[in-house]
Structure formats: C-alpha cells, structure tokens
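The values are calculated or read from the model by the stated rules, or taken from the named source; none is laboratory data. From a predicted model like this one, the values you see are computed outputs, not experimental measurements. Note that we place each Cβ from the backbone using ideal geometry, even for glycine, and neighbour counts take in every protein chain shown. For the accessible areas, the whole protein counts, side chains as well, though only heavy atoms, and no ligand, DNA or RNA atoms are used. Shrake-Rupley method; radii C 1.70, N 1.55, O 1.52, S 1.80 Å.
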Amino acid sequence: MSVDHLPEHPDFLWRNPEPKKSYDAVIVGGGGHGLATAYFLAKNHGMTNIAILEKGWLAGGNMARNTTIIRSNYLWDESAAIYEHALKLWEILPEELEYDFLFSQRGVMNLAHTLGDVRESMRRVGANRLNGVDAEWLEPDQVKELCPILNTSDNIRYPVMGATYQPRAGIAKHDHVAWAFARKCDELGVDIIQNCEVTGFIKDGNRVTGVKTTRGTINTEKVGLAAAGHSSVLAEMAGFRLPIQSHPLQALVSELHEPVHPTVVMSNHVHVYVSQAHKGELVMGAGVDSYNGYGQRGSFHVIEEQMAAAVELFPIFARAHVLRTWGGIVDTTLDASPIVGVTPVENMFVNCGWGTGGFKGTPAAGLTFAHTIATGAPHELNAPFALERFETGALIDEHGAAAVAH
Amino acid sequence: MLLISCPNCGPRDETEFHYGGQAHVPYPENPNDLTDREWAEYLFYRENTKGTFAERWVHSTGCRQWFNMLRDTVSYDIHSIYAMGSPRPDIAGQSAQGQAGGPGLAPGAPTTTTSPEGAQK
C-alpha cells in the first residue's frame, strides 16, 4: 500500500448558498461528473455564474456508491481516447485541485479464464498499445507474482489462464475526489445547491430557458444534465427521449484487514472485481441486476455468485466478513458507451450512459461536457459519443470489450 | 430478490427467470417505410419508467414460457402478471399489491394463454 493515512480535511470546503434567480448555466446533478463539469466550465471557459443543482447531498448518488477503480484499457479507439484522457487528468488533478484524493496507481489486472478470454484479452492488449495505453499480457506465474493471494492452480472451476495488466490504473478515494472538485468549484464562484430537486423545465419554443426546482424557479441560458441513473427521467420532463435503461448495480466492502491485496483484480468471466481500500476494506463489485430498477439496492443472488467466485479466486477471503452492501443506479446504453453532447432541446446538453464505468471517466466527462456546454459543439473526445449515433448506426459497442460486462 | 409467480409453475425465485425488457413493443407494421429515426426508436429506445413498468420475463429454468409483468421499478412490488399478447392491465386504483379488481392475473393465478407477443397484432 502506497499511502497509509487519509488526508486531513480542510477547514472549509464549500458554501451552501441560496439559489439565485438566474445563472449563465445550470448543471443538474451534484455528483462527480456534475462537479467536474462545473470546474472545467469555470477554469477552461471562464463561466463562473453557474450553479450545480443536487436533489440530495453532494456526491451522495453514484459517486458514493462505486468501487473507485480507474483504468483506460478499453478496446475501441473512441473509448480508449476518452478514458485515457481521463487517466492523464487523474494523474495531474491532485496537484491542480490542491487536494490529495489518494490516487493510487497500483495497477489493474483483468483475468482470463477461458481460451476465448485469452484471445480477447491479447487482442485488447494490442489495441491498447496502438492507442498509447499501457497494457501487458501476464502469464499465470506472472499473475501470481503480482498478486500472491490469487489462486492460480489449474484445477479450479475458473482457472486463471493469464491476465491483462495496466500498471498506471488504480483506485482513488471517491469522496475526496468529489470534495476536491467541490472546493475548487466553490473557490471559482460556482454555487453548489444541495437538496434542490429539478421538477421541470421552462422552454421558449424548443429552447430551454429555466429550471423548476423544489427551491423555486431558476432562469438560465444553458442546462447540462449530469444525473446518471435519472437522466431519462429528466429528459422526459424536458420533452425528449434517451436510449437509456437504468439498472441497480451493487457493491460491498468487508471489514478492515491488513494490506493483503496489492493490485486491483477484475474478472469479467466470473464477474467479480476486488481491490483493497486505503483503510483496509476489501471492496468488491459484481454485475448489474438484469431488470430495470431505481431502488438503490441489488439482488442478493448477485452477491452470492460474486462471493462464490471471489472465494475461489482468493481462498484467503473465505473467513472475511461483509461489513456493508449498497447499490447505485447506473444508466446503461445498448452499446455500453456514454452519451455526451447536444440534445433535441436547444441549449440543453446531456452527459449520461456511462453505465458501470462512470467514476473512472469523471475528469474527461467533465472536461468534454464543459466544452460542449460552453461552445455548443462537441469536443473531439466526446464527438463519437453523440446521441445521433443511435440513428446513424455508428455505434461504439464496448460490450465485453470494455473488460467488464454491463 | 424477487419472488415471481410464473403463470404456469407458481411462485419461484428470481434466479429461475430471465428478464426480457419492455413489453408491448410490436415489430414495425411496415418495416420498409421506416426512417432511420424510426428504426433507431424501434431498436434502441425503450421506456425507462420510474414507477409501474410493463416488462417481459421468461421462466428459463421452468416451463420456458414468456409472460408479461407489471412491476414497480422503485419499490419492486409486482402488481400484475399476465399473458403475452394481452393488453396491459389497468391497475389504477388498485392496492400496491395489485391483488384485486383489475383484469391482470393476481400473482400465482393460473393461466393457459401463452400466445407470443404480437400474435394478435
């Protein structure tokens, strides 16, 4: 473990202002993506008369409910470009935001358990390297060397036949990421307004001119939606549709342990992913529940399957206790790729569809979405992720290739 | 964990079933006439209702029959289970459990109709 203590909290993080009558731009959603968007709007585009509206408390949605993994080992050029840009931002952001959020580049391994996995994984390593993403193929003995607690014997149900490895990947302390962005946003003059739920939009013809909220009406020239699992609910209020299905995704942590797990290990085939948090909890994630849902909890059988896989791969976990489980609502698309760009409503923009991969994309989502909101046009990194792709058939299709199934 | 009353087999654990997405999405009447936009709507756009949602399920490890279900996507209460090809039951005014009054089958009630979606189009 590279870091053994958490950073001290600054005395002051952000104000809690009353909403003003009007703003140049309003961001709906006070999670990581909304905060990053507001930060880059202020920093890169000089837009400081802006507000972030959060229906609950700051970063209390998916930002508080993910497994904090950061990697960029995606297959397709468009995905590799945006996630790798995110990773490069993660590498400089602690200094830029003047807040250490414990970005720990301890590497991410994606295990292969079948010959099909092996071939797909080697293909992905090749594709990653062509895109400037650090990637290696590891044989089972190299896997064992990097992560000694993994069971690499060949007589188990899901033998480890090798793994892809991205050394620059890792984890960050998600709450601190949100607080780091929030603190800087506040410094730059952004109003962070919590407990403010959007209940409707005001339009002049097809142009959005305001937002109705539980704390009154706010006039604005531009609206950016960054509400993850609730994006389609907001779009419906605004009068357009999104090709989004919302699913519960759950994760869990164990009680605290001494450092035993030196890297992040993911397995698509058995669908479990494990890392050890800075404090010592084993953080584990699994797949989404198959059905649509807005309840922030998941099915118990998903945990059961995930734990069975985890205990086989990591026999040392057999007597660990689960401390708590939680669920988030992820906004999935049929090509497992995000939607970032303009909408059918003038001056309204959307950032959604990140599915199970939103946390790692936070800085690049914020950077490109801010560009689109400020200029009304796509950034070169989010251009392929436009809503139009569902109509033109130019889908990105990161299913499976994303190294974890959605 | 959902307890789903298969119309043929009775109440079974969620793990015996597979989810089939939104119900009542008919294949286009005249596919050749569709614009790209309309094809996109048919292929990729589905309702994502926060509340009562009509969806399809198949009892994969049991009778292997498809059926429709009205389920609340927030509380996960199952309001009604009804046959493929039947119209969506009107559950307005019903209790949260959807046990009485509507045309939908109460969970566990028998049914013999298993006509595939669109068969009555």
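Values as computed for the structure displayed
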{"read-out": "Where A:PRO243 falls short, out of the listed (1) assigned to a loop (DSSP other than H, G, I, E, B); (2) open to solvent by 10 Å² or more (accessible area, probe 1.4 Å)", "value": "(2)"}
{"read-out": "Which listed residue, of A:ILE329, A:ILE396, A:ILE373, is at pLDDT 95 or above, surrounded by 17 or more Cβ atoms within 10 Å (Cβ to Cβ) and more than 12 Å from every other protein chain (Cβ to nearest Cβ)", "value": "A:ILE373"}
{"read-out": "Qualifying position, being away from chain B (no Cβ under 13 Å) and closer than 26 Å to A:VAL211 by Cβ, among A:VAL345, A:VAL311", "value": "A:VAL345"}
{"read-out": "Candidate set: the range B:1-16, residues that are of a type in the set (A, V, I, L, M) and open to solvent by less than 20 Å² (accessible area, probe 1.4 Å); chosen: the one farthest from A:SER299 (Cα to Cα)", "value": "B:ILE4"}
{"read-out": "Residue list for the range B:44-73, filter: within 9 Å of chain A (Cβ to nearest Cβ) and exposed (fewer than 15 other Cβ atoms within 10 Å of the Cβ)", "value": "B:GLY51"}
{"read-out": "Residue within the range B:16-24 that is away from chain A (no Cβ under 13 Å) and more than 23 Å from A:ILE329 (Cα to Cα) present", "value": "yes"}
{"read-out": "Tally, over the range A:262-297, of residues that are out of contact with any Cys (no Cβ under 7 Å at 6 or more places or on another chain) and in a loop (DSSP other than H, G, I, E, B)", "value": "17"}
{"read-out": "Among (1) assigned to a strand (DSSP E or B); (2) more than 9 Å from chain A (Cβ to nearest Cβ); (3) within 19 Å of B:PRO89 (Cβ to Cβ), the one test that B:ARG12 misses", "value": "(3)"}
{"read-out": "Residue within the range A:191-198 that is assigned to a strand (DSSP E or B), open to solvent by 30 Å² or more (accessible area, probe 1.4 Å) and out of contact with any Asp or Glu (no Cβ under 8 Å at 6 or more places or on another chain) present", "value": "no"}
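Results for (1) crowded, with 21+ Cβ neighbours inside 10 Å; (2) over 15 Å from A:VAL253 (Cα atoms), shown as yes or no for each residue.
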site	(1), (2)
A:GLU281	no, no
A:ALA310	yes, no
A:HIS321	no, no
A:THR325	no, no
A:PHE349	yes, yes
A:GLY357	yes, yes
A:GLY361	yes, yes
A:PHE369	yes, yes
